[in-house]
Amino acid sequence: MDEAQVRLGVSGYLAKIEADRFVPGTYQLVVDGTPQSHVNLDDPSELFFEYVQRIGHIIDEIGDPGRPITAVHLGAGALTIPRYVEATRPGSRQQVIELERELVELVREHLPLPKRAQIRVRYGDAREIVAKLPPGLHGTVDLVVVDVFSGANTPAHVTSTEFYASAVELLAPDGVIVVNVADGQGLAFARGQAATLAASVAHVAALAETQVLKGRRFGNVVLVGSNTELPLDYLPRLMAAGPHPAKSVSGRELRDFIAGASVVTDATAVPSPSPGQGIFSSK
């Protein structure tokens, strides 16, 4: 397969699955011109995008290595992280919430999931579906991944303290929420998201490439939160595991990073900034 595509029913964006020209045997999902996922069908434990590698490192630290977990993923993409969880923690119970049914159908047809994977997809708006998940899930989820994008932007309604309160309700006592935040110069959006997550859980850390974390270029900041103290001694090892150069901030450094940014509410929420032309290109 060189390329497959579909027009998405809700956003109207064009979604494409393309063979990666530089990494044989792997594929990339591109939505509205923005690369959103990268998949190695032969080895789903191989993660390509730098921020996804960081999310993978965090998942590796949850509980005992290889132990199945319960995970909820907000945003499907090409199901890269659910595939990773299944590959590294067989038997995990996973639910994926995705607005665009055509996107998941495209991915399932051309990048099929392992037959043994226990991955259920629920269709609809992430915030609405989270609020309607079975009560039995509340307080039992080891991992919540928030990676919601419409094209290149995160919608405003999944950035507020009201949204995070609903997502955090799912977490087990030692559960972890991971949020993928895309931002550019100055990091106003990312700092606001860090403040909002810090108002929703007791412990938060931020991980990113050094130049991104300094607000010098557009990129992804991975926020990690939990109501149980994060084992911060593992953060240097996560950074050492690559990709480089990278930095993590927590505690006082995180407060300095937030730098007085206000907690985001439904009344003040805005979408994430656009990356600008030329930053992403699928060709």
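The values are calculated or read from the model by the stated rules, or taken from the named source; none is laboratory data. Here the structure is a predicted model, which means the values were calculated and not measured. Neighbour counts are summed over all protein chains in view; Cβ atoms, including those assigned to glycine, are modelled from backbone coordinates with ideal geometry.
Here is how the numbers come out for the structure above:
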{"quantity": "Residue ID - modelled with the lowest pLDDT, chosen from residues in the stretch 240-283 that are out of contact with any helix residue (DSSP H, G or I) (no Cβ under 8 Å at 6 or more places or on another chain) and charged (D, E, K, R)", "calculated": "Lys283"}
{"quantity": "Test: residue in the stretch 151-164 that is in contact with a His (Cβ under 8 Å, 6 or more places away or on another chain), crowded, with 24+ Cβ neighbours inside 10 Å, within 20 Å of Ala261 (Cβ to Cβ) and not β-branched (Val, Ile, Thr)", "calculated": "yes"}
{"quantity": "Residue that is surrounded by the fewest Cβ atoms within 10 Å (Cβ to Cβ), among those in the stretch 105-134 that are among the hydrophobic types (A, V, I, L, M, F, W, C) and within 20 Å of Gly12 (Cα to Cα)", "calculated": "Leu106"}
{"quantity": "Residues of the stretch 1-36 classified as in contact with a Phe, Trp or Tyr (Cβ under 9 Å, 6 or more places away or on another chain), more than 12 Å from Gly151 (Cα to Cα) and among the polar types (S, T, N, Q), total", "calculated": "2"}
{"quantity": "Condition check for Asp60: in contact with a Ser or Thr (Cβ under 8 Å, 6 or more places away or on another chain), modelled with pLDDT under 95 and on the phi < 0 side of the Ramachandran plot", "calculated": "yes"}
{"quantity": "Residues satisfying the stated conditions in the stretch 179-204, i.e. surrounded by fewer than 24 Cβ atoms within 10 Å (Cβ to Cβ) and more than 21 Å from Ala152 (Cβ to Cβ)", "calculated": "Ala195, Ala198, Ala199, Ser200, Val201, Ala202, His203"}
{"quantity": "Subset of the stretch 141-172 (residues that are in contact with a Ser or Thr (Cβ under 6 Å, 6 or more places away or on another chain), of a type outside the set (A, V, I, L, M) and either farther than 24 Å from Phe49 by Cβ or modelled with pLDDT of 95 or more (or both))", "calculated": "Asp142, Thr154, Ser160, Thr161, Tyr164"}
{"quantity": "Pairs with Cβ under 7 Å, 6+ apart, first in the stretch 106-118 and at pLDDT 95 or above, second among the polar types (S, T, N, Q) and surrounded by 16 or more Cβ atoms within 10 Å (Cβ to Cβ)", "calculated": "Gln118/Ser92; Gln118/Gln94"}
{"quantity": "Pairs, first over 28 Å from Pro90 (Cβ atoms) in the stretch 28-49, second of a type in the set (Lys, Arg), C-beta under 9 Å, six or more apart", "calculated": "Val30/Lys16; Val31/Lys16"}
{"quantity": "Per-region count, the stretch 153-180, residues of a type in the set (Gly, Ala, Ser) and either in a helix (DSSP H, G or I) or within 13 Å of the chain's Cα centre (by Cα) (or both)", "calculated": "4"}
